[in-house]
1. For Lys196, go through the aspartates and glutamates and keep the ones whose alpha-carbon is under 15 Å away, minus same-chain ones fewer than eight residues off.
2. I need the calculated FRET efficiency for the pair Asn139 and Ile111, taking r as the beta carbon distance and R₀ as 25 Å, to the nearest 0.05.
3. Can you compute the modelled spin-label distance between Asn71 and Val121, with each label point 7 Å from Cα toward Cβ, in nm?
4. At a 1.4 Å probe, what is the % contribution of carbon and sulfur to the accessible area of segment 81-199?
5. When we measure straight from the Cα of Lys176, which aspartates and glutamates land under 12 angstrom away, once same-chain ones fewer than 8 places off are left out?
6. Which whole-Hz couplings ³J(HN,Hα) result when phi for each residue of segment 149-162 is put into the Karplus expression 6.51 cos²θ - 1.76 cosθ + 1.60, θ = phi - 60°, listed in order with x for Gly and Pro?
7. Could you state the number of Å between the C-alpha centres of segment 118-187 and segment 32-62?
8. Order of 93-101, 132-140, 52-60 by packing, highest average Cβ count within 10 Å first?
Amino acid sequence: MKTIKFSSVIILFAAFFISCSDDNKDQVVIDEFAGYYKITAIESSIPIDMNNDGIKSNNVLMEISSRHAFNGEVISNFYNFNSFPSFAEVRPLPEQSNDARLIAFNYPYQILLNEDEGNPVLMYYMKQFINYSYNLKPNNEIEVIDNNPDYHSEYGVINSASRIDENSFQVNLSTKLYDFEDRIWVEADIEISYAKVSDIYID
């Protein structure tokens, strides 16, 4: 009888140890994924003119980052992908008390002026797709959970996300893009690539 009881204790201890090891492994993966990521590419399923230069392109990153034309003149850039506020943020980050798995993709969405008057003007790019939770799945899949679907539905929907390697991931989303050549909003699928910028975290 004592032998049976002792064996039961050993089995329970082993099960507890394995469970803790799995939890620690998962936490290591999550911590390694967390950080700040720069958008390195945005490709659209359809060509579009977002900077009002009369030339359509599938390269949305170039359309957003290049200088914008207005009334025949080329004016300053509207968006800087290299600035810290433009980076995607994946939590939990070190030294944060909240260990929730949160992700803000910070995709730049066009905000226009005078659209109803038939003379649309690009005012600025507003960061969207910012309030999500996530889980890491097998085969590098990232399960994205929309924490505010009623709000995000106005701007689009995230179709899928996956890790490329330990320092990069991709997101596919459907959204609206304004085409200045045709003066209409069009629905498009876009593929966004992200690369980790630093292991130093900023609160």
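1. Result set, ordered by chain and number: Asp31, Glu32, Glu89, Asp165, Glu166.
2. Values: r = 37 Å, r/R0 = 1.47.
Calculated value: 0.10.
3. Going from the Asn71 label point to the Val121 one covers 0.7 nm.
4. Details: 2620 of 6080 Å².
Result for segment 81-199: 43 percent of the exposed heavy-atom area is carbon or sulfur.
5. Excluding near neighbours in sequence, the set is Glu154, Glu187, Asp189.
6. My calculation for segment 149-162 gives x, 4, 6, 5, 4, 5, 10, x, 9, 7, 8, 6, 8, 7 Hz in order.
7. So the separation of the two Cα centres works out to 12 Å.
8. Values: 93-101: 11.1, 132-140: 12.8, 52-60: 16.4.
Top to bottom by mean Cβ count within 10 Å: 52-60, 132-140, 93-101.
The values are calculated or read from the model by the stated rules, or taken from the named source; none is laboratory data. As the structure is a prediction and not an experimental result, all values here were calculated from the model. In this analysis, Cβ positions are derived from the backbone assuming ideal geometry, glycine residues included, and neighbour counts consider all displayed protein chains. Note: accessible area is taken over every heavy atom of the protein model, side chains too, but ligands, DNA and RNA are not part of it. Shrake-Rupley method; radii C 1.70, N 1.55, O 1.52, S 1.80 Å.
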